[in-house]
Structures are given as C-alpha cells and as structure tokens.
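Structure record follows, encoded as structure tokens.
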Amino acid sequence: MYPLYSHAFFEDVDFVGQTETNASTSSTPNPITTADISTDPGDVVLIAALAGTDGSYTPQNSFTLGNNQERAEVVRLTSLTYGGQALTFVNRAQVESSAVSEAVEIWVLNEAGIAAATDSTLVPTWDIPADDPGYSHAFFSGINQASVVGATAIATTPAATPNPITTAPLATMVEDVVITGAINGQTGTYTPQNSFTLGTTESLGSSTIGSAYKLGSGSSETPSMSHSAPIRQAIAGVVLQGVPIGPTTTSSRPTTRTGRASSPTRIRGTGNHRGAGHPEDSGAPSIGLGEIPC
C-alpha cells in the first residue's frame with residue numbers, strides 16, 4: 001500500500017493536550033467520531049482519518065478540510081506456475097492516475113519447464129487479492145534455451161497521449177521473436193503498430209488488454225499499440241532470442257510461425273487497483289506450435 005502524508009504549520013502552539021482515537025472495521029458509523037476533546041480559547045484541534053476504499057472525506061462539526069488524498073495499491077504477481085513449473089519474471093510496466101493503477105507483467109518458461117509440466121493449468125499468486133483476473137499464454141518454437149530473454153523495454157503514460165504508446169526500440173536477430181503487451185484504463189480495442197501481428201485485444205471490466213508479436217528482422221523493432229479510447233496506458237516489450245543460425249547450419253525453425261502472443265490481463269484489486277499478468281512460454285524447435293486456452 002502506498003504511504004500518505006500531510007502536514008501543516010500553526011502559530012502560537014504550546015504543547016499537545018488531550019488526544020482521542022476511534023476505529024471501525026465496517027462501513028458504520030459514518031461519520032466516524034472520537035470522544036469529545038476539551039479546549040481553551042486559542043487552541044487548535046487537528047483530526048485525521050483513513051478509509052480503505054476510494055472516495056473523499058467531508059469534515060463535520062464546523063471543522064475545516066485540510067486535504068483529501070487517494071492512492072492506489074500496487075497489485076503484483078509474486079509467483080506464476082504452469083503445470084506446476086515456475087515461470088521466470090521478465091519485466092513490468094505500471095501507470096497510475098485518479099487513484100487507479102494499471103500494470104502489465106511478462107513471464108517466461110523454458111523448454112525444460114514446459115516438458116516437465118504435468119498439465120496446462122496456469123496458477124498465479126498475488127500479493128494482494130485481485131478482482132477479475134484473466135490470463136493467456138502462447139508457445140514459440142526455435143527459442144534459444146541457453147539465453148531465452150534478450151532486450152526488454154517498458155513505457156507508460158498517465159494520460160490519453162501519446163497514442164499509440166511505444167517502448168524504446170529493441171535490438172533483434174533474424175531468428176528472434178518480439179512480444180508485447182499493453183493495458184489501458186478504459187474499454188475499447190488495441191491495434192498493433194509497426195507490422196506486429198495482433199495476439200489478443202479484450203475488454204475486462206473497465207479496461208482493455210492487448211498483445212502482439214513479430215519475428216525479428218535483424219534490426220531494431222519497436223513494440224507499439226494504439227488504443228481506440230486511450231486514458232492511461234502501460235506497455236511492455238520483450239525479445240525472445242532465437243536459436244543462432246550459422247552459414248552451414250540447417251535450421252529446424254519453421255519458415256512461418258503461428259500462434260497467439262500472450263495478452264496482459266487486468267486485475268482490479270482492493271481499492272480500484274489494477275494489475276496485469278502476461279505469461280509467455282518459450283519452447284524449443286522440438287516443441288510444436290499451438291495455443292492453450294486459459
């Protein structure tokens with residue numbers, strides 16, 4: 001949970017007098033009050049209150065409002081397994097505005113983990129209980145098991161611009177696969193840019209998730225996603241490194257690749273806080289291409 005702070009200056013204050021506190025574990029009583037505090041002329045009475053939900057405070061009994069603050073809790077994946085095998089966290093992008101945060105995470109699993117999986121069940125563990133979770137993943141063949149992850153980048157915007165949202169360019173080799181996932185704090189659709197192929201675009205609750213992928217060109221590739229109704233966005237991009245191909249090596253990599261890139265997923269947590277899980281499985285050439293619905 002984010003910390004909140006507030007302070008003020010008052011003249012001619014001598015010392016702290018009477019203090020009172022109160023607490024409630026439910027929605028009542030509201031207004032919440034303390035016991036009466038005895039005062040003398042010239043005294044200043046300070047009060048502070050904290051609620052576990054979004055909203056605003058209105059002072060009672062002729063008190064003057066100092067400030068109202070809202071901050072979003074950060075929903076994070078602490079672990080992710082596929083068929084009992086632990087995925088490895090790669091990167092995360094998070095943006096916050098209006099006391100709501102959006103986030104996307106990318107995780108990977110290598111060939112050994114895929115082969116050892118006992119089923120196709122994806123099990124996330126969150127540090128804070130989340131609402132409306134959703135997940136997807138994809139297999140890609142020809143990934144270098146000695147060095148699965150290459151360049152990575154993230155970008156965020158708390159406003160409607162820029163749209164499309166892009167990461168920094170990612171260096172690639174011809175055998176690489178670039179994957180990207182984005183999330184927007186409003187429903188709509190995502191359209192990938194820069195010749196990326198759409199994986200998924202889906203509205204969940206009050207946000208949109210989208211994913212895309214592209215085969216490496218040997219030059220830099222820039223993940224970029226355009227939203228139909230942008231409000232705040234986060235995007236993450238990762239290069240899955242392909243098996244190096246030498247001049248005398250016969251590639252076992254297919255000449256064309258199909259499959260669906262993972263989609264980031266919105267998780268609306270306690271107090272209007274959203275996160276996203278974006279797992280990505282990386283297979284070797286011996287692993288067939290395919291899709292496992294989640």
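The values are calculated or read from the model by the stated rules, or taken from the named source; none is laboratory data. Predicted, not measured: the structure shown is a model, and the values here were computed from it. FYI the Cβ positions are ideal-geometry reconstructions off the backbone, even for glycines, and counts take in every protein chain you see.
Points to keep in mind about this one:
- Beta carbons closer than 7 Å, at least 6 apart along the sequence or on distinct chains, pair a first residue in segment 119-134 that is among the hydroxyl-bearing types (Ser, Thr, Tyr) with a second that is at pLDDT 85 or above and not in a strand (DSSP E or B) for SER120/GLY83; THR121/GLY83.
- Residue check, THR180 touching a residue at least 24 places away in the same chain (Cβ under 8 Å) and farther than 21 Å from SER97 by Cα: yes
- For segment 93-105, a tally of residues being touching a Gly at 6+ places or on another chain (Cβ under 9 Å), surrounded by 18 or more Cβ atoms within 10 Å (Cβ to Cβ) and farther than 22 Å from THR121 by Cα returns 7.
- Residue list for segment 164-187, restricted to those being assigned to a loop (DSSP other than H, G, I, E, B) and either over 21 Å from the mean Cα position of the chain (by Cα) or surrounded by fewer than 16 Cβ atoms within 10 Å (Cβ to Cβ) (or both): ALA168, PRO169, ALA171, THR172, MET173, VAL174, GLU175, ASP176
- Pair list, Cβ under 8 Å, 6 or more apart: segment 32-44 residue outside the structural domain of ASP12 (by TED's automatic domain parsing), other residue part of a loop (DSSP other than H, G, I, E, B) and surrounded by 10 or more Cβ atoms within 10 Å (Cβ to Cβ): none
- In the set GLY288, GLY271, GLY199, GLY277, only one residue is touching a Phe, Trp or Tyr at 6+ places or on another chain (Cβ under 7 Å), modelled with pLDDT under 50 and not aromatic (Phe, Trp, Tyr); that residue is GLY277.
- Restricting attention to segment 112-154, the residues that are in contact with a strand residue (DSSP E or B) (Cβ under 8 Å, 6 or more places away or on another chain), assigned to a helix (DSSP H, G or I) and surrounded by fewer than 19 Cβ atoms within 10 Å (Cβ to Cβ) add up to 2.
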